[in-house]
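Reading through the structure tokens given below for one structure.
The values are calculated or read from the model by the stated rules, or taken from the named source; none is laboratory data. This structure is a prediction, so every number in the text was calculated from the model and none was measured. FYI the Cβ positions are ideal-geometry reconstructions off the backbone, even for glycines, and counts take in every protein chain you see. When the accessible area is computed, the model is the full protein with side chains, heavy atoms only, and any ligands, DNA or RNA have been set aside. Shrake-Rupley method; radii C 1.70, N 1.55, O 1.52, S 1.80 Å.
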Amino acid sequence: MKFMSTWSLIPGSVATAAVQFLAGEATPEAGVTLLGRWHNVDCSGGYALYETDNAAALHKGAAKWADLIEISTTAVIEDAEAGANLVAVFKK
């Protein structure tokens, strides 16, 4: 299953978060595949797309950053899956 995480840096945490990131601490937990990560150009936060069947591993990864960033993670599906569902529900 795919999950989209968005994060916002807590004011004053940019330098500490940068050090942690550069030290490799943003590496996903075992069982989680990072499909892509994007950073806002103003250093305010960013987005990451993960694939996993282990939500507990996502939680563990988020916990490591909880004092520096606010994270929101949502399960997502791709257009093909969404389209098939919409056809099944709305095209009668």
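In this structure, A23 and A82 have a Cβ-Cβ separation that, at R0 = 30 Å, corresponds to a calculated FRET efficiency of about 0.20.
Is it possible to state the helix-based mean residue ellipticity at 222 nm for the chain, with each DSSP H run of 4+ residues giving -39500 (n - 2.57), the sum divided by total residues, to the nearest 500 deg cm²/dmol? What is it?
Details: 3 runs with 30 residues, N = 92.
One gets -9500 deg cm²/dmol as the mean residue ellipticity at 222 nm.
Hey, how many Å between the Cα centroid of region 44-76 and the Cα centroid of region 15-37? What the calculation gives is 10 Å, centre to centre.
Segment T16..E51, full-extension length gain: 9.9 nm, with 0.36 nm per residue of separation and the alpha-carbon distance subtracted. Determine the share of the chain's accessible area contributed by carbon and sulfur atoms, expressed in whole percent, with a 1.4 angstrom probe. Within the chain, the accessible surface is 61 percent carbon and sulfur. If you take the alpha carbon atoms of region 1-55 and fit the smallest convex hull around them, that volume is 80 Å³ per residue. Treating each Cα of region 47-92 as an identical point scatterer and summing with the Debye formula, the log10 of I(q)/I(0) at q = 0.31, 0.32 Å⁻¹ comes to -1.17, -1.21. Taking the Kirkwood radius as Rh and the Cα radius of gyration as Rg, the chain has a ratio of Rg/Rh equal to 1.08.
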